[in-house]
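Notes follow once the structure below has been shown.
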């Protein structure tokens, strides 16, 4: 493009500097939003699209503003050197056109992928090359300049119109009011002569019970928790109510299963009633000093709508930064939804990979638990010990990337594979994991086990120090949100699979003043935690909770047991959040039997044709033999249990 062509634009320095911002806000943002509009309507009510768009506008503006200010200052500095000034103006115009061209192509690929016509990465590199060629053509040709002027004339008013949506944000904030006047919402009871106990809830991300030496694993992965269990109660058959963080953590806090709290996707949060009737809401209402320390943004209390029930919080207490931080979601309710836009997801993945490669590849401290533990212990040192305390600490390890720092790295395998933070995460997840080479699968399993031993070390140290601060009248709960799979050709977690490796999780409970070990062989599930802790705190839980309390085991002897009951786990990622339940997977376990029921048509890459499965978990813990053909009556009985619960909880939410 000639110098005269630049001059014919007739733009001042500030307007030229704003060209990339107008491209982002007036072209990239609307097209990105349209590309995932159908997905948004799976999780959001139509009225919530407005604040989601407004939040995305803020995110895009925050990315563009520093660049535009720097460009404006540079243009002012070189205003008298016209050749340099024109070159800079051409560069800014080219960047703007590149944003427009790449957005059009990228969103087109997203739409094609949505129709199943191609995989996500098939045309990524060619698309960038095409976008750059188009941008250069528009920048350096007369016809391209006319197109550029037209795009600017459209993008500017669209960007300004998008800014008007910001007025919606004050009307869509978190509602954490507690319906204290309702008779069915918890009542305080006497807990006897002792004061109400302090409560420590420690959860670890993606920790599978079958990989822990406490539960019989060959490798000594949990020596600290093994020792801690010597004076606590270990539950041998504890199950997660879902197979990924958001849904599972919300079941722990709300006492309801996903079909009730409706957090079906990783960026969802529980519906209002389940939040208002949650365990943190009850404990806060009845005088507990409440605090949480979060490391996984999707397990942040504020991001899930519980922030108002915690007096203390330390969010995002992990070195690695994510685009969905809990501390921002406390203010911008739809920030996590907005960050799911394709362009922002691409930026987020690139940023995480950059952090893994440049900041943590040498020491693997991407999920260093000491930051979170230090914050938790510092808060416990300041609280009034005469009043009851509730602290929830969630730690990221052993979640992928699995590579642990020294001295844990390499303890279970000398393989050169998967030894860095940027190389110890499965490239393929769910069913596509079947394409992973066996030697890499073995290395990933070893790194996962090393990461378990890594976090076990710090959890053991934390429990020792926390109990010294709080004293023996403390109930300690150690568990996980979900597990992790390396078998059955299925990698990681989430998706439709409900293998035991993903949903069988640890549970260790040290009741107040407990000193003797006890093992409980009966089935328990995450929704049992809230009623148990409420009973120990002297609070009657609301009738909406779906779990049963096992507080009767406090002070129990080895001869005392729980009665048998069925437990449920589920995944409804592909079911619209507020619609009737028609697509997903539900597992029910009763005694030694487990039925996995598939609902509707599911769409996951490389997913085989699946049918209902029945396993005898006691005789076949690896879930290798489907017994549904020779145990038809047992399968029918378990299917009836699922059908009855779906009848009760599976209707649409209005």
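Table for the structure above
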item: Wholly within region 259-351, helices (runs of 4 or more DSSP H) carrying at least 3 residues that are touching a residue at least 40 places away in the same chain (Cβ under 8 Å) and more than 16 Å from residue 177 (Cβ to Cβ); result: 335-338
item: Filter result for residue 94 (at pLDDT below 75 and more than 20 Å from residue 341 (Cα to Cα)); result: yes
item: Hey, residue 402 assigned to a loop (DSSP other than H, G, I, E, B), crowded, with 24+ Cβ neighbours inside 10 Å, on the phi < 0 side of the Ramachandran plot and touching a helix residue (DSSP H, G or I) at 6+ places or on another chain (Cβ under 8 Å) or not; result: yes
item: Condition check for residue 529: in contact (Cβ under 8 Å) with a residue 12 or more places away in the chain, in a helix (DSSP H, G or I), closer than 29 Å to residue 201 by Cβ and touching a strand residue (DSSP E or B) at 6+ places or on another chain (Cβ under 8 Å); result: yes
item: Complete set of residues in region 334-364 that are out of contact with any helix residue (DSSP H, G or I) (no Cβ under 7 Å at 6 or more places or on another chain) and modelled with pLDDT of 80 or more; result: 340, 345, 363, 364
item: Every residue from region 41-52 that is in contact (Cβ under 8 Å) with a residue 24 or more places away in the chain, surrounded by fewer than 20 Cβ atoms within 10 Å (Cβ to Cβ) and in a helix (DSSP H, G or I); result: 41, 42, 48, 50
item: Members of region 363-414 that are under 23 Å from residue 219 (Cβ atoms) and touching a strand residue (DSSP E or B) at 6+ places or on another chain (Cβ under 6 Å); result: 369, 395
item: Positions within region 293-312 being more than 9 Å from residue 326 (Cβ to Cβ) and out of contact with any helix residue (DSSP H, G or I) (no Cβ under 7 Å at 6 or more places or on another chain), in sequence order; result: 308, 311
item: Conditions (1) in contact with a strand residue (DSSP E or B) (Cβ under 9 Å, 6 or more places away or on another chain); (2) assigned by TED's automatic domain parsing to the domain that holds residue 279; (3) farther than 27 Å from residue 246 by Cα; number of the one not met by residue 628; result: (2)
item: Boolean, residue 653 is in a loop (DSSP other than H, G, I, E, B) and surrounded by 13 or more Cβ atoms within 10 Å (Cβ to Cβ); result: yes
item: Region 460-476, residues that are out of contact with any helix residue (DSSP H, G or I) (no Cβ under 7 Å at 6 or more places or on another chain) and either over 21 Å from residue 532 (Cβ atoms) or not assigned by TED's automatic domain parsing to the domain that holds residue 375 (or both); result: 461, 464, 468
item: Criterion (within 21 Å of the chain's Cα centre (by Cα) and at pLDDT 95 or above) met by exactly one of 426, 397, 407, 319; result: 397
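This table checks each residue for (1) surrounded by fewer than 20 Cβ atoms within 10 Å (Cβ to Cβ); (2) part of a loop (DSSP other than H, G, I, E, B).
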position: 568; (1), (2): no, no
position: 576; (1), (2): yes, yes
position: 581; (1), (2): no, yes
position: 594; (1), (2): no, no
position: 604; (1), (2): yes, yes
position: 615; (1), (2): no, no
position: 626; (1), (2): yes, yes
position: 634; (1), (2): yes, no
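The values are calculated or read from the model by the stated rules, or taken from the named source; none is laboratory data. The structure presented is a predicted model; accordingly, all values stated were derived computationally and were not measured. Every residue, glycine among them, receives a Cβ derived from its backbone with ideal geometry; neighbour counts consider all protein chains shown.
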